[in-house]
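Coordinate-derived values only; no laboratory data. Predicted, not measured: the structure shown is a model, and the values here were computed from it. Because the Cβ atoms are built from the backbone with ideal geometry, glycine has one as well, and the counts that use them run over all protein chains shown.
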Amino acid sequence: MSEELPVEEVLTALEEYQQRTIDLYRENEGDPEACVKGLVLLHLGWTEEDPERAKMVSRYRGPVMAGPGKDRLTESNAGYFRQSKRWLEESAESGAMPSISFNILHALVFAPTQELCKHWLGGRLKRRPTEYATAMGDAAWAGILAAGAALEHESSAPAGPGRIK
C-alpha cells in the first residue's frame with residue numbers, strides 16, 4: 001500500500017515560502033545585510049510557525065517534484081531563482097554586497113538554518129529556532145563577506161602550479 005502524496009499542500013507551502021523570500025528582497029532593497037539576516041529569521045520562523053507543515057515539506061518535496069507536482073514546482077522555482085539572482089546582482093552592482101552565486105548564498109544562509117530546524121523538529125534542540133536568529137544571521141552575513149573576499153582574492157591571484165584560472 002502506498003501513501004498518497006500531499007501534492008497541493010506541499011506546493012502551496014513552497015510557493016508561500018518563496019513569495020515571502022521575494023517580499024524580503026523587495027522590503028530590504030539596498031540593504032543586503034538586513035535582507036540576509038531577514039532570510040535567516042524567515043526560515044527559522046517559518047519552521048516554528050507550523051512544524052507539521054515544515055516536516056511535510058521536508059518529507060515530500062522530492063517525491064512531489066519527481067512526480068505530480070513537477071511542472072508547477074519547476075515553474076515556481078524558476079520565478080524564485082530569477083528573483084533571487086536579480087537581488088544578488090543588484091546588491092553586488094550597488095557595492096553593498098560582494099558578488100556571490102546563489103549556490104553560495106544558499107549554502108551560507110539556508111543550509112545552516114535547515115540543519116538547525118531539522119534538529120528542532122526531531123526534538124534534539126530544546127530552544128526555539130528563532131532564538132538563534134541573531135547569531136545565525138550575523139554568521140551568515142559574515143560568511144557572505146568572507147566568501148566574497150575569498151572569491152575576489154582567487155580571481156586576482158596569478159595562475160600557478162595546480163591552479164586553474
| Summed residue charge, Cβ within 15 Å of I100's Cβ, Lys/Arg positive, Asp/Glu negative | -4
| Computed on alpha carbon atoms, what radius of gyration and Dmax characterise region 107-148, expressed in Å? | 11.1, 35
| query | List the lysines whose alpha-carbon lies under 17 Å from that of K70, not counting same-chain residues fewer than 8 positions away? | reply | none
| remark: Length-normalised contact order of region 53-160, Cα under 8 Å, at least 6 apart, in percent, tallies to 22 percent
| message | Binning at 10 angstrom from zero up to the longest distance, how are the C-alpha pair distances of the chain distributed in percent? | response | 10, 33, 32, 18, 6, 1, 0
| query | Given the Cα-Cα distance of A139 and N77 and 0.36 nm per residue of separation, how much length would full extension add, in nm? | reply | 19.7 nm
| request: Give the Rg (one decimal place) followed by the Dmax (whole number) of region 1-54, computed from C-alpha coordinates and expressed in Å. | output: 14.1, 52
| note | FRET efficiency (E52, S156; Cβ distance; R0 41 Å; to 0.05) is 0.25
| message | Could you give each residue of region 98-106 its phi-based ³J(HN,Hα) in whole Hz, using Karplus coefficients 6.51, -1.76, 1.60 with θ = phi - 60°, and x for Gly or Pro? | response | x, 7, 10, 7, 4, 4, 5, 4, 4
| task | For region 17-31, take each phi angle, set θ = phi - 60°, evaluate the Karplus expression 6.51 cos²θ - 1.76 cosθ + 1.60, and give the result in whole Hz per residue in order, putting x for glycine and proline. | result | 5, 4, 5, 5, 5, 4, 4, 4, 4, 5, 5, 10, 4, x, 9
| field | Three principal axis lengths of region 1-93 [C-alpha, angstrom, descending] | value | 53, 28, 14
| Between E89 and L5, what is the FRET efficiency for a Förster distance of 45 Å, r being their Cβ-Cβ separation, to the nearest 0.05? | 0.80
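Counting other beta carbons within 10 Å of each residue's own, what order do D50, D71 fall into, fewest first?
D71, D50
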